[in-house]
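Everything below concerns the one structure shown next.
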Amino acid sequence: MIIKTIQVNTYKGKLFDNLLDFLKKEDPDIIFAQEVTVGPVGLWEKDKSADQFEIIKKELKLNGVYDGYMKFKPYPDASFGNAVFSKYKIIQSKVIALKEFRPLEENEFEGPDAITIRPYISRHLLDTVLKLNGVQIHAICVHGAWTAPPTDIDENLRQADIIASHIKSLGDYPFIIGGDMNMPPGSQVINKLDAVANNLMVNI
């Protein structure tokens with residue numbers, strides 16, 4: 001069986017029209033997406049309050065699960081998070097908290113305070129179970145802690161340990177993990193994940 005997947009950080013919808021055109025053209029079986037926004041924290045000029053998750057799901061006619069784990073104090077109904085979209089039936093989903101944090105002030109998300117607080121803001125792992133022709137497969141979406149420049153620190157290493165532990169807990173069940181780890185190949189964070197999975201960025 002050949003499965004076409006796309007991993008994409010949507011950048012809060014900054015180029016949302018282009019993203020939709022790209023996804024429609026590529027017609028993937030599974031999409032792993034980070035920085036999907038709902039409410040007035042998006043960057044789509046056409047509608048910054050759009051529910052980007054529902055739009056992608058509707059436009060591409062896909063099944064989907066969204067985990068809007070990051071909240072914002074000025075906008076209680078807004079969220080930012082991970083999503084998995086699939087042509088296949090999603091029979092189960094589970095969220096694992098990598099880091100929990102209070103709702104963010106607006107300047108902590110994009111303003112001058114962001115660089116100091118971003119390594120410690122909320123992060124989740126979203127694990128969905130898909131059914132493909134009678135076979136169950138885990139489709140896992142994750143967004144790692146952000147540092148500038150990318151640096152191995154105690155926090156992102158701790159989160160990488162949680163991700164690796166979850167992958168190992170799956171036993172013999174097949175899985176695909178798509179994520180923006182905010183770290184380069186060769187970093188300790190990536191090495192921890194490479195130890196429990198086949199990294200298709202380097203091993204085709």
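Rounded to the nearest 20 Debye, what is the dipole magnitude of region 1-113 about its Cα centre when Lys and Arg each give +1 and Asp and Glu each give -1 at the C-beta?
Dipole magnitude for region 1-113 comes out near 520 debye.
From the P(r) of the chain, can you give the percent of Cα pairs sitting at distances over 29 Å? Before the final figure, lay out the partial values.
Working: 4573 of 20706 pairs.
The proportion of pairs with Cα distances above 29 Å equals 22 percent.
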Could you grab the relative contact order for the chain? Cα pairs under 8 Å, six or more apart, rounded to a whole percent.
17
Skipping prolines and chain starts, which residues have an amide H placed within reach, meaning under 5 Å, of the one on LEU104, given they are 5 or more residues away or on another chain?
LYS71, PHE72, LYS73
What helices does the chain have that are whole DSSP H segments, at least 20 Å long along their own axis by Cα, and with mean Kyte-Doolittle hydropathy of -1.0 or more?
154-169
Nearest-10 value in Å² for the accessible area of THR147, using the 1.4 Å probe
20
List, in order, the whole-Hz ³J(HN,Hα) value for each residue of region 122-128 obtained from phi through the Karplus relation with A = 6.51, B = -1.76, C = 1.60 and θ = phi - 60°; use x for Gly and Pro.
4, 9, 10, 10, 10, 10, 10
Please give the FRET efficiency for ILE153 paired with ALA195, using the beta carbon to beta carbon distance and R0 = 25 Å, rounded to the nearest 0.05.
0.85
How much mean residue ellipticity at 222 nm does the chain get from its helices, if each DSSP H run of length 4 or more adds -39500 (n - 2.57) and you divide by all residues, to the nearest 500 deg cm²/dmol?
-7000 deg cm²/dmol
Let me have the relative contact order for region 1-115, percent, based on Cα pairs under 8 Å that are six or more residues apart.
24
May I ask for the percentage of alpha-carbon pairs in region 82-167 that lie more than 16 Å from each other?
59
Along the charge dipole of the chain, which of ILE56, TRP44, ILE30 sits closest to the positive end, that is, farthest toward it, with unit charges on the beta carbon of Lys, Arg, Asp and Glu (+1, +1, -1, -1)?
ILE30
Considering only protein heavy atoms, what is the solvent-accessible area of LYS168 at a probe of 1.4 Å, reported in Å² to the nearest 10?
140
Can you work out the Karplus-derived ³J(HN,Hα) for every residue in region 106-118? Use 6.51 cos²θ - 1.76 cosθ + 1.60 with θ = phi - 60°, whole Hz, and x for glycine or proline.
4, 6, 7, 8, 10, x, x, 7, 4, 5, 8, 9, 4
J(HN,Hα) series, region 38-46, from Karplus relation 6.51 cos²θ - 1.76 cosθ + 1.60, nearest Hz, glycine and proline x:
10, x, x, 10, x, 10, 6, 4, 5
Report the charge-dipole magnitude of the chain in Debye, nearest 20, computed about the Cα centre from +1 at each Lys and Arg Cβ and -1 at each Asp and Glu Cβ.
580
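The values are calculated or read from the model by the stated rules, or taken from the named source; none is laboratory data. This structure is a prediction, so every number in the text was calculated from the model and none was measured. Every residue, glycine among them, receives a Cβ derived from its backbone with ideal geometry; neighbour counts consider all protein chains shown. SASA here: full protein model, heavy atoms, side chains in, ligands and nucleic acids out. Shrake-Rupley method; radii C 1.70, N 1.55, O 1.52, S 1.80 Å.
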